[in-house]
Amino acid sequence: MSNPYIPYLTKVKSIVTENKVNDIKTIELEFKKEEEYKKFEYIPGQFAEISLIGKGECPIGIASSPTEEGTIKFTIKKMGTVTTGFHSSEIGDIIGVRGPCGNGWPVEDMKGKNIVVIGGGFAFSTLRSLVIYLLDEKHRKDYGDITVIYGNRDPGEVLYTDVLEEWKKRDDIKVVLTIDREAEGWTEEVGFVAPIVKKVAPSSDNAIAVVCGPPIMIKTTIAVMEELNWGPEQILNSLEARMKCGIGKCGRCNIGNKFICTDGPVFSLAELKELPDEY
Amino acid sequence: MENKILKKDQIGKLYNELVGEYKFYAPKNHKGNISFEQIEKPEDILLDYLNSKIPPKSVLFPKMEVLFEYTLDDKDVEITDRQDLDEKTLIFGIRPCDAYSFELFANFFSSHGNVKDEIYLKKKENTTLIGIGCNTPRTTCFCTSVNGNPFKKDDMDLFLTDLGDSYLVEGISDKGKSLIERLSWLSNAKEADLKKSEELAKKAEEAIVTKIDAKGAVKILETSFEHPIWDEISEACVGCGTCAYLCPTCTCFDVIDETDQYNKRGRRIRIWDTCQSCLYTKETSGHNPRNTKIQRCRNRIMHKFSYYPKNYDLLGCVGCGRCVYLCPVNNDLRVILNKINKIEKKEEKKAVV
């Protein structure tokens, strides 16, 4: 028998502060046992229940891509008891990881398609995972054009600046960065995500879009995409909810008869339209 | 296999014979409430009761349960798994509705998602149920409306019928049959005992007068999520959660770390939780997908009569009636279901007129 509530034990390998106000950090974890890392096979868009043993556990999207072998990464915003605990952790600290949980981005079904990745703010973590996966030399040939549109309040909030720089240097991906209002030194787009999407006008032909961000951004962006002839089955979202178990048992993350933790977190807009508006 | 007779004054003998091998649970008067408790002396076993206030789900899914224990070193953590899941448990005196609820529990804990709740399932595998038919169902019982019956035997290992001074003992599962073989001192049942048991079963079924069209409600609920009826249904509710805590099919739980900072050790536990609590779905950001009482009441009913049937083709209710007679504001599930069943009829009328 294996107790599904026992986490794998990992050690903090590195900690990166991602934003100027210092409430978002990316923590890189190294599994204590190599064989457990091998068992932790994941795809972009999945999440894990990570815990500070003694304080508690919470569900966090996996920010690293399975193609970045050796470690896993989580980008964590300081919010409650457990996430504040993560922010105080130091290199070498023990962190529990259970998972991977959830369905993840449908990277198999996305093969042969043009991919549009639209993110707002801190919700970019599993999008980072997805784009790194798509750009990996083993996978890049399986996908068509890749467009990334990533918006933030101000330049200090832009996550993953190192990988964004790498992507901008490549000619097989289009990266559009935007911030809400003009700021000194900012040379890219200015404006909310929705109008920028309208301006970039990604084609819906043979394409899949993944949209992650705050609810208002998703709402306005989807309205623009519908104008641009995107169908509801072409638009994917990743949902969040309060969760305890991450494995479809504790009950609280249901929307109608679906659980976000096991049936999601990724749902197409077409699927969401079939579910009650309770998320 | 022949049916047997267990005299009521032989309960002590049965207990003494099995208690070494099993953790022996039976209904007991516990601080004024009847609940299934681990029995230390056979005199404590309550034989004359309608049903327990606290459902026997608490035996395999206790109010508080340790998931694992841990010790915290300065820079390390050691985790200790549960060691007690191979112990054998026997539940004596369980009612058919509650025995059926164990099947629903096991179904849910093994089917949603690809990870099974091995803690529950292992315990269930090691559990033997000696159940009793309900000669006198409560007025609030409605098991016959939700695929149950006061003499439903198939979820038990051994099935007893109270014949007055003795019990008729029927072996149902292989586990139960081999238990009968072991209890070689049980006397053989006579033809008259079987006849009496059949009569009692018939009488009990007739005694349940509540008839609810649960299947009809399932169908109507498919299209009633936005219906104003939820306003009415939730109006009296005080959100205490009794209906869910004491429901034999409610499986929801919270997970908490309990740490003894001085001794640097602790345990991660799960405790019963309820979708009737406003904190249940409240996220750290402050956002709450089910912020109102209407949404929370609706979720409980929809879960049992719409979501559960949609996912597993089974009703999420066993008709025990606990939520009916224990609700402090008398928000009666039977009335709620009847109201739901009238939704369509009203509309049909409209359509005709």
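Here the condition is being among the β-branched types (Val, Ile, Thr) and within 12 Å of chain B (Cβ to nearest Cβ); of A:208, A:260, it holds for A:260 alone.
Put simply, of B:63, B:57, B:88, B:75 the only residue that is modelled with pLDDT under 95 and basic (Lys, Arg) is B:75.
Candidates in segment B:66-89 are the residues that are buried (at least 17 other Cβ atoms within 10 Å of the Cβ) and within 14 Å of residue B:122 (Cα to Cα); of these, the one that is farthest from the chain's Cα centre (by Cα) is B:82. The residues of segment B:90-116 that are within 16 Å of residue B:58 (Cα to Cα) and free of Cβ contacts under 8 Å to residues at least 40 places away in the same chain amount to a single one, B:106. Scanning segment A:51-71 for residues that are more than 8 Å from chain B (Cβ to nearest Cβ) and farther than 20 Å from residue A:247 by Cα yields A:64, A:65, A:66, A:67, A:68, A:69, A:70, A:71.
The single condition among (1) within 21 Å of residue A:126 (Cβ to Cβ); (2) in contact (Cβ under 8 Å) with a residue 40 or more places away in the chain that residue A:167 does not satisfy is (2). Picking from residues in segment A:1-24 that are assigned to a loop (DSSP other than H, G, I, E, B) and in contact with a Ser or Thr (Cβ under 8 Å, 6 or more places away or on another chain), the one that is nearest to residue B:125 (Cα to Cα) is A:7. Every condition in (1) modelled with pLDDT of 95 or more; (2) away from chain A (no Cβ under 14 Å) holds for residue B:69 except the one numbered (2).
Each residue in segment A:159-171 was checked for being touching a strand residue (DSSP E or B) at 6+ places or on another chain (Cβ under 7 Å) and in a loop (DSSP other than H, G, I, E, B), and 1 pass.
In segment B:283-297, the residues that are touching a residue at least 12 places away in the same chain (Cβ under 8 Å) reach residues that are hydrophobic (A, V, I, L, M, F, W, C) and assigned to a helix (DSSP H, G or I) with C-beta atoms within less than 6 angstrom, at least six apart or across chains, in these pairs: B:294/B:230; B:297/B:233.
Within segment A:49-61, identify whether any single residue is part of a loop (DSSP other than H, G, I, E, B), surrounded by 15 or more Cβ atoms within 10 Å (Cβ to Cβ) and at negative phi, and answer yes or no.
As a first pass, look at segment A:49-61 and keep what is part of a loop (DSSP other than H, G, I, E, B): A:53-55.
From what is left, the residues that are surrounded by 15 or more Cβ atoms within 10 Å (Cβ to Cβ) are A:53-55.
After this cut, where a residue has to be at negative phi as well, the list is A:53, A:55.
The answer is yes; a qualifying residue exists.
Residue under question is residue B:2, and the condition is that it be within 21 Å of residue B:158 (Cβ to Cβ), touching a residue at least 40 places away in the same chain (Cβ under 8 Å) and part of a loop (DSSP other than H, G, I, E, B); does it hold? The answer is yes for residue B:2.
On the basis of being under 19 Å from the mean Cα position of the chain (by Cα), outside any helix (DSSP H, G or I) and either closer than 20 Å to residue A:63 by Cα or assigned by TED's automatic domain parsing to the domain that holds residue A:133 (or both), does residue A:149 make the cut? First the steps, then the outcome.
Values: under 19 Å from the mean Cα position of the chain (by Cα): yes; outside any helix (DSSP H, G or I): yes; either closer than 20 Å to residue A:63 by Cα or assigned by TED's automatic domain parsing to the domain that holds residue A:133 (or both): yes.
Answer is yes for this residue.
Considering only segment B:236-277, state which residues are farther than 30 Å from residue B:72 by Cβ and surrounded by fewer than 16 Cβ atoms within 10 Å (Cβ to Cβ). Those that are farther than 30 Å from residue B:72 by Cβ and surrounded by fewer than 16 Cβ atoms within 10 Å (Cβ to Cβ): B:236, B:238, B:239, B:240. Return a yes/no flag: does segment A:85-99 have any residue that is touching a residue at least 12 places away in the same chain (Cβ under 8 Å) and more than 14 Å from chain B (Cβ to nearest Cβ). There is no residue in segment A:85-99 that is touching a residue at least 12 places away in the same chain (Cβ under 8 Å) and more than 14 Å from chain B (Cβ to nearest Cβ). A Cβ distance below 7 Å, combined with a sequence gap of six or more or placement on separate chains, defines the contacts here; from segment B:187-202, residues that are farther than 16 Å from residue B:153 by Cα reach residues that are surrounded by 12 or more Cβ atoms within 10 Å (Cβ to Cβ) and of a type in the set (S, T, N, Q) in the pairs B:189/B:3.
Here residue B:101 meets the list (1) of a type in the set (S, T, N, Q); (2) assigned to a helix (DSSP H, G or I); (3) farther than 21 Å from residue B:250 by Cβ almost entirely, failing just condition (3).
For segment B:217-252, residues that are touching a residue at least 24 places away in the same chain (Cβ under 8 Å) and either within 14 Å of chain A (Cβ to nearest Cβ) or aromatic (Phe, Trp, Tyr) (or both) total 15. Starting from residues that are under 24 Å from residue B:272 (Cβ atoms) and surrounded by fewer than 24 Cβ atoms within 10 Å (Cβ to Cβ), keep the ones in segment A:219-246 and report whichever is farthest from the other protein chains (Cβ to nearest Cβ). So, considering only residues that are under 24 Å from residue B:272 (Cβ atoms) and surrounded by fewer than 24 Cβ atoms within 10 Å (Cβ to Cβ), the one farthest from the other protein chains (Cβ to nearest Cβ) is A:241. Restricting attention to segment B:217-231, the residues being loosely packed, with under 15 Cβ neighbours inside 10 Å and not charged (D, E, K, R) number 2.
Going by the conditions given, is residue A:212 hydrophobic (A, V, I, L, M, F, W, C) and under 30 Å from residue B:105 (Cα atoms)? So that I can check it myself, show each step before the final result.
Values: hydrophobic (A, V, I, L, M, F, W, C): yes; under 30 Å from residue B:105 (Cα atoms): no.
Answer is no for this residue.
Pairing each residue of segment A:234-254 that is on the phi > 0 side of the Ramachandran plot with any residue that is of a type in the set (S, T, N, Q), provided the two are 6+ apart or on different chains, yields C-beta distances under 6 Å for A:248/A:262. Could you check how many residues of segment A:27-47 are touching a Ser or Thr at 6+ places or on another chain (Cβ under 7 Å), free of Cβ contacts under 8 Å to residues at least 60 places away in the same chain and farther than 22 Å from residue B:70 by Cα? Looking only at that region, the number is 1.
If you go through segment B:54-63 one residue at a time, do you hit one that is within 14 Å of another protein chain (Cβ to nearest Cβ), more than 17 Å from the chain's Cα centre (by Cα) and either in a loop (DSSP other than H, G, I, E, B) or surrounded by fewer than 21 Cβ atoms within 10 Å (Cβ to Cβ) (or both)? No.
The residue list B:128, B:140 contains one member that is surrounded by 15 or more Cβ atoms within 10 Å (Cβ to Cβ), part of a strand (DSSP E or B) and on the phi < 0 side of the Ramachandran plot, which is B:128.
In the set A:185, A:191, which member is over 28 Å from residue A:232 (Cα atoms), surrounded by fewer than 19 Cβ atoms within 10 Å (Cβ to Cβ) and either in contact with a Leu (Cβ under 9 Å, 6 or more places away or on another chain) or not assigned by TED's automatic domain parsing to the domain that holds residue A:65 (or both)?
Working: A:191 fails: over 28 Å from residue A:232 (Cα atoms).
The conditions single out A:185.
Quick one: in segment B:103-144, which of the residues that are of a type in the set (A, V, I, L, M, F, W, C) and touching a helix residue (DSSP H, G or I) at 6+ places or on another chain (Cβ under 7 Å) is farthest from the other protein chains (Cβ to nearest Cβ)? Quick ask: steps written out before the conclusion?
In the first step, residues of segment B:103-144 are kept if they are of a type in the set (A, V, I, L, M, F, W, C); the result is B:104-106, B:108-109, B:115, B:119, B:121, B:129-130, B:132, B:134, B:141-143.
Then drop every residue that is not touching a helix residue (DSSP H, G or I) at 6+ places or on another chain (Cβ under 7 Å), which leaves B:105-106, B:109, B:121, B:129, B:134, B:142-143.
Details: B:105: 11, B:106: 12, B:109: 6, B:121: 8, B:129: 21, B:134: 29, B:142: 23, B:143: 24 Å.
Taking the candidates together, the pick is B:134.
The values are calculated or read from the model by the stated rules, or taken from the named source; none is laboratory data. Quick caveat: nothing in here was measured; it's all calculated off a predicted structure. Positions of Cβ are backbone-derived with ideal geometry, glycine not excepted, and every protein chain shown enters the neighbour counts.
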